[in-house]
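The values are calculated or read from the model by the stated rules, or taken from the named source; none is laboratory data. Here the structure is a predicted model, which means the values were calculated and not measured. Neighbour counts are summed over all protein chains in view; Cβ atoms, including those assigned to glycine, are modelled from backbone coordinates with ideal geometry. Just the protein is used for accessible areas: all its heavy atoms, side chains included, with ligands, DNA and RNA removed. Shrake-Rupley method; radii C 1.70, N 1.55, O 1.52, S 1.80 Å.
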Amino acid sequence: GSSDLKVNNISASGSPLTANDGDLMIVDNGSISISGIYSAVISGSTVSANNITIAGSTFTAYGGDMDVYDNGQVAGAPYTDGSDTVSVNDISISGSTLDAYAPYGTGGNVNISGNGAVGINNSTIYADNNVNITAEQVKLGDAIYDSSGGVTVNGGSITAGNNLVITANGAAGTTINNGASLNAFYITVNSPDG
């Protein structure tokens, strides 16, 4: 119908999801709290929380915006020996299609934003208007999260009718590789080192 569709805490695989005449929103506002010197020791382990994973799926917003937001927060930080894999508030999009367009007239925007890493792997993103991709560092000042806040576009294509803006506000920066195609009237890529 002509209403918005909002889904929380999603892991989608092989799914088609369409909003007619409205916005399609995927939002995760969860949080992870790590506390206690002895109970929060991590060694050679994997911490994974509040992530959005989209694999082999097609999401379409006809005449509206296609939004993927991971706004989760991290409180505290674990003690670590440096061999750990930490995946918190990451957005992973692989082998998928995200569209915001209108069959007649002008469609909307595709907005992907998270407090963590944003990875786009062999996927197609299309917007009649703008595409905005932003990654923030999970928790400022904590060394274990230094690799967060990066944007990786690995293969696939991103097309915007007007502006394509990619912003990485974490130490991981921006990586565009493996034949990724970026098409827009204006393309802006920002990384923390300028």
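Data table
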{"item": "Residue list for the stretch 112-127, restricted to those being surrounded by fewer than 21 Cβ atoms within 10 Å (Cβ to Cβ), at pLDDT 95 or above and on the phi < 0 side of the Ramachandran plot", "result": "ASN121, THR124, TYR126"}
{"item": "Unmet criterion (only one of (1) open to solvent by 30 Å² or more (accessible area, probe 1.4 Å); (2) at pLDDT 60 or above) for SER39", "result": "(2)"}
{"item": "Test: residue in the stretch 66-89 that is farther than 20 Å from ALA172 by Cβ, modelled with pLDDT of 90 or more and crowded, with 21+ Cβ neighbours inside 10 Å", "result": "yes"}
{"item": "Yes/no for GLY95 being surrounded by fewer than 24 Cβ atoms within 10 Å (Cβ to Cβ) and either of a type in the set (Asp, Glu) or modelled with pLDDT under 90 (or both)", "result": "no"}
{"item": "Every residue from the stretch 49-65 that is outside any loop (DSSP other than H, G, I, E, B), open to solvent by less than 40 Å² (accessible area, probe 1.4 Å) and modelled with pLDDT of 85 or more", "result": "ILE52, ILE54, ALA55, PHE59, THR60, ALA61"}
{"item": "First in the stretch 165-194 and over 14 Å from ASN130 (Cα atoms), second anywhere and loosely packed, with under 13 Cβ neighbours inside 10 Å and of a type outside the set (Val, Ile, Thr), Cβ under 8 Å, 6 or more apart", "result": "GLY173/ASP193"}
{"item": "Leading residue by the ranking (farthest from the chain's Cα centre (by Cα)) among those in the stretch 147-168 that are in a strand (DSSP E or B) and buried (at least 24 other Cβ atoms within 10 Å of the Cβ)", "result": "ALA160"}
